[in-house]
Amino acid sequence: MKRDWWKEAVVYQIYPRSFKDSNGDGIGDIPGIIEKLDYIKELGVDIIWLSPVYRSPNVDNGYDISDYKDIMEEFGTMEDMDELIYQMHKKGLKLMMDIVINHTSDEHEWFKRSCRGEEPYTDYYIWKKGKNGGPPNNWGSYFGGSAWEYCESRDAYYLHMYAKKQPDLNWENPKVREEVKKMMIWWLEKGVDGFRLDVINLIAKDQRFPDGEKKPGAPFGNMIPYTHNVPKVHKFLKELNRDVFSKYPIVTVGETLETTAEDGKKYAGFNEHELNMIFTFEHMNVDNGENSKWSDERFRLTKLKEIMNRWQTELQGIAWNSLYWNNHDQPRVVSRFGNDRDFWSRSAKMLGTCLHMMQGTPYIYQGEEIGMTNCSFENIQQYEDVESVTAFRQHTELMGEDPNYMMRCIRKKSRDNARTVMQWDAGPFGGFGTNGVWFALNPNYKQINVGSQVEDKDSILNYYKKLIQLRKKYPIIVYGDYESLFADSEKNFCYIRKYEREELLILCSFSESLQEISVPVRYQGRRGKILITNMTGETNMNMDQCQLSERTVLEPYEAKVILYEYL
Ligand code: GLC
Ligand code: CA
């Protein structure tokens, strides 16, 4: 396989609002990030993915951009941004900007002018006449309600897949595409090293705009078949690649909802010239309810494995995977797939191991490296996220669901689980700032924080550092082929990697009890070395010898990675 720097890299995601507040207004900011660059560098990652910092009225925490070439006031100034880029490059860190080009804020100049019917902006967004005194079709938006909003000055409706303050851009209009390209080039000329493209597989819409299928009890029709992965999206991405991405030595990752591995090969195929990789949601949907993400059920391991094994094997040699458990939209993985009480540290390390030993580029979300957990609140008023708040209303008021049940779902799945502030130390406000926090600090910050983990050689933080170092040292971790083991087991997640004259055996237990597993014949009695395990008190690079017999026992949430060399 062709070697590429972005295949060998590890990415760290910063959600700026919750990362570090430098001026005591309770909101994380760019100077705060600059303060913490040494910490990030120490971790060993190569790239920072920065969630949006552009000017925004903050209906969706920056994913509603009102000016692509300006910085949100609370976060700082363009000078701060230039300083961040400068400081990062000085330290050898690359910057991946989060860019939202499926929609803008309704406060963006383009939209305001489009509303007023000013040329050339009239067709910058998706405008349709109403039907029978209502919206043009029955599509529902992601953040509740119809996907269409009426605008009096045009006597027409505009489309918004997300909040009504997030109107969708009209990608069919070549002027829109040119504006977007110009804006991205402007950032690349500033020196940014790549983009994370927000909901990028939604940019092409089925131009017939048909009604969506309506499930019994659902207030709106399903817009997904007409708005996600519409074939023309590939034409648009190839054009962006030709005119923008291919002109710079950058990395691109697309956020793509509702994608199969088949789609993955198209978006991230080595010969497709679209994106370097995508974020699939399939493995994030394992604990969804029947018609939405809202459910209070725990995931099944066989389902999770089936999905991850499929993406690993189907993309192999054809396209590149991203690897993630967490981001600003997902609950904390140690609470979701691990055990954040009895096996907090061990299960956090196991989950890190299970993910980082796969083929792909790993992403770490702020706080994951110290095992930050979900944070639950009593009632919906305490939640901040537009998705949780609108979902609660829609499910209880329109769909008649039990509010207590809905609250349980929200505690488990709310995006706010990821958005409590970073736990830097055990001091006031967890070291996030000096004067309060914009949303919430998880009360467990006294036990779980960076300060206490830096010195502790057995900490989750130091374990993550070691995982990253291993990737730099062993090409098999980056480039090795993937083979799954024990696909039917509900208790363990095991697999093999193969590269040149080496093999890697990865054993991870997802169980709270001892698990006996049978060792594949070719490793029985063979001498290997343990590259990493969450069971010993050792986090240095000492190579423990290891020789497995026919059967071996895994402790609860044990993880072990064994290297076999066939010299
Ligand atoms: C993506 C972002 C999410 C945002 C949505 C709409 O899914 O990750 O935070 O709400 O797009 O922009
Ligand atoms: Ca601040």
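Just a few scattered comments:
- Column: log10 I(q)/I(0), Debye, Cα scatterers of the chain, q = 0.07, 0.10 Å⁻¹: -0.41, -0.85
- Set Lys412/Lys446; Lys41/Lys90; Lys94/Lys181; Lys182/Lys232 screened for pairs whose C-alpha atoms are more than 19 Å apart: Lys412/Lys446; Lys94/Lys181; Lys182/Lys232
- Beta bridges per DSSP, both residues in the chain: antiparallel share near 65 percent.
- Added length on full extension, which subtracts the Cα-Cα distance from 0.36 nm per residue, Asp25 to Gln547: 182.3 nm
- Only protein heavy atoms count here; under a 1.4 Å probe, Asp38 has an accessible surface of about 90 Å².
- Treating each Cα of region 450-510 as one equal point scatterer and applying the Debye formula with no solvent, the log10 of I(q)/I(0) at q = 0.17 Å⁻¹ comes out as -0.74.
- Whole-Å semi-axes of region 416-564's equivalent ellipsoid (Cα gyration tensor): 36, 17, 15
- Radius 13 Å from Cβ of Lys303, net charge of other residues (Lys, Arg +1; Asp, Glu -1): -2
- Among the GluC sites (Glu not before Pro) found in region 430-503, those both in a DSSP coil and sparsely packed, with 15 or fewer other Cβ atoms within 10 Å of their Cβ, are Glu455, Glu490, Glu500.
- For a 4.7 Å threshold on C-beta separation, the list of partnerless cysteines in the chain reads Cys115, Cys151, Cys375, Cys409, Cys494, Cys546.
- Loop-located trypsin sites (Lys or Arg not before Pro) in region 463-562 (DSSP state not H, G, I, E or B) with no more than 11 neighbouring Cβ atoms inside 10 Å: Arg501.
- When the solvent-accessible area of region 149-230 is split by element, carbon and sulfur atoms take up 49 percent of it, the probe being 1.4 Å.
- Once both labels are positioned 7 Å from their Cα atoms along Cα-to-Cβ, the gap between Glu272 and Lys2 label points is 1.5 nm.
- Solvent-accessible area, 1.4 Å probe, carbon plus sulfur percent, for region 372-437: 49
- The orientation-averaged projection of the convex hull spanning the C-alpha atoms of region 212-354 amounts to 10.8 square nanometres.
- Put a dot 7 Å past the Cα of Gln381, heading toward its Cβ, do the same for Asn435, and the two dots end up 2.7 nm apart.
- Mean-position separation - Cα centroids, region 419-476 and region 99-164, in angstrom: 41
- Loop sites in region 202-258: GluC sites (Glu not before Pro), DSSP, at most 16 other Cβ within 10 Å: Glu213, Glu258
- Scaling the Cα radius of gyration of region 233-311 by the globular reference 2.2 N^0.38 Å produces a ratio of 1.32.
- Added length on full extension, which subtracts the Cα-Cα distance from 0.36 nm per residue, Leu398 to Lys238: 53.5 nm
- Percent of C-alpha pairs per 5 Å bin, region 39-189, short to long: 2, 9, 16, 19, 17, 13, 9, 7, 4, 3, 1, 0, 0
- Each Lys or Arg adds one and each Asp or Glu subtracts one; over the other residues with Cβ under 14 Å from the Cβ of Gln547, this totals +3.
- Separation between Cα centres of region 1-19 and region 312-328, rounded to whole Å: 13
- Taking N as its residue count, the alpha carbon Rg of region 172-231 over 2.2 N^0.38 Å: 1.57
- Dimensions in Å of region 401-478 - Rg and Dmax from alpha carbons: 17.3, 52
- Semi-axis lengths, largest first, of the ellipsoid equivalent to region 56-121 are 29, 12, 11 Å, with √(5λ) applied to each eigenvalue of the Cα gyration tensor.
- Net charge of neighbours whose Cβ lies under 11 Å from the Cβ of Asp488, counting Lys and Arg as +1 and Asp and Glu as -1: 0
The values are calculated or read from the model by the stated rules, or taken from the named source; none is laboratory data. Since the structure is predicted, the reported quantities are computational estimates derived from the model, not experimental observations. Cβ coordinates were reconstructed from backbone atoms using ideal geometry, including for glycine residues, and neighbour counts include every protein chain displayed. Each accessible area value is taken on the protein alone, full model and side chains, heavy atoms only, with ligands, DNA and RNA left out. Shrake-Rupley method; radii C 1.70, N 1.55, O 1.52, S 1.80 Å.
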